[in-house]
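Below: one structure, written as structure tokens.
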Amino acid sequence: MSLGAGIRTLDAARWRSIAMITLIAVVLYVGFRALPTGTNLHSVDFAVQGKGMVDYCDPANPQFIPVTTARSPVEMTLIGDGPAVPGKTGRYVLVLKTSTGKPVGPADLLVAHTRKLHLLIADPTLSDYQHVHPEPGARPGEWTFAFAPRLAGTYRVFADFTPAATARGLYASTDLSVAGSVAPSPHGLSWRADVDGYRFQLSPGDAPIVARQIVNLTFTLTRDDGGPVLMEPVMDAYAHLVAFDVDRGGFAHLHPNETDLTLPPDAVRPRLTFKVTLPSSGLYVIWAQVKLAGREVFAPFWFEVAP
């Protein structure tokens, strides 16, 4: 065999090997794509297109989400077992569907902070804030939960969830009418709240807080009797902060920068840090949620944001 013929034989063998490897790679890729993922939804079902659409949340830079003025790719409806009345626990069915009508069930969502679906519920005066976790219902897209409003008026229900197809936080909202007249509830501006023998303090890094600029927040907690404050994790964090504007046009769900649960806050004066960007000037409230001695405790902070 001549040298040229040998080279041509080697080249042909090399190309056959490359072709075989490429074919195997393609088969494996197609095969893995065909494997069940637990969800029938894809990223296109949660596509955020055009103006006025709710965008995905970047957990590294939490911002205020204008849920009610921007359209979400997920539609949410609420069905109750009767008229909602202050002080009465009702059972509710929440239905989640994509804008194309596909149900959004448990397999379609990722676990975020120990739950697949979080509801942030607030009354018109923002005096009653509750954090609720629905459970999967009987039919696809249905979620059930119990809720007892403390006041009258039209409550706003914000849903906070993470589609498996995108792995990015997404939101939706609806309203719930509670029988009765809305009583005025004036709030004084304060970065301090005293609740159940504890003093909650929230301190902004810069004052005044300015719209569209990142603000760093320091959260501290002490006992009125000077005793130790033993904070327990709640939903994979030692505290949660939720910010609302006074019109309840949206919210920001904040988690501490301190994420290592094996390092609990100091028992004498627990300290945690947060950051947030608020979109516009006006009146806001931040509700803190912590777990103390096995019980969840909530505290509000009212403040203004400068233009």
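Coordinate-derived values only; no laboratory data. This is a predicted model, so every value here is computed, not measured. As a convention, Cβ positions derive from the backbone with ideal geometry for all residues, glycine included, and neighbour counts pool all protein chains shown.
General observations
- Mean shadow area of the stretch 43-178 over all directions, Cα convex hull, nm²: 8.3
- Charge tally around ALA152: other residues with Cβ under 15 Å, Lys/Arg +1 each, Asp/Glu -1 each, net 0.
- Counted by neighbouring Cβ atoms within 10 Å, the residues ILE65, ILE214 run from fewest to most as ILE214, ILE65.
- Residue-wise HN-Hα coupling along the stretch 111-123, computed from phi with Karplus coefficients 6.51, -1.76, 1.60 (Hz; x: Gly, Pro): 6, 10, 6, 6, 9, 8, 9, 10, 10, 10, 10, 9, 7
- For ALA122, neighbours were defined as the other residues whose beta-carbon sits under 14 Å from its Cβ, and their charges (Lys and Arg +1, Asp and Glu -1) total -3.
- Under 5 Å from the amide H of VAL178 lie the amide H atoms of GLY153, THR154, TYR155, each residue being 5 or more positions distant or on a separate chain, with H modelled from the backbone and absent for Pro and chain starts.
- Among 250-256, 121-127, sorting by the average number of other beta carbon atoms lying within 10 angstrom of each residue, highest first, gives 250-256, 121-127.
- For GLY105, residues with placed amide H under 5 Å, excluding near neighbours: GLY141
- Whole-Hz ³J(HN,Hα) from phi, Karplus 6.51 cos²θ - 1.76 cosθ + 1.60, for the stretch 194-210, glycine and proline x: 10, 9, 6, x, 10, 10, 9, 10, 10, 10, x, x, 10, 10, x, 6, 10
- Dividing the Cα radius of gyration of the stretch 205-307 by its Kirkwood radius returns 0.99 for Rg/Rh.
- Counting only Cβ charges, +1 for Lys and Arg and -1 for Asp and Glu, the dipole size of the stretch 43-178 around its Cα centre is about 100 debye.
- Equivalent ellipsoid, the stretch 113-271 (semi-axes from 5 times Cα gyration tensor eigenvalues, Å): 28, 22, 17
- Charge sum, other residues only, whose C-beta stays under 12 Å from GLN201's C-beta, Lys/Arg counted +1 and Asp/Glu -1: +3
- The stretch 155-171 and the stretch 243-307 have their alpha-carbon centroids 19 Å apart.
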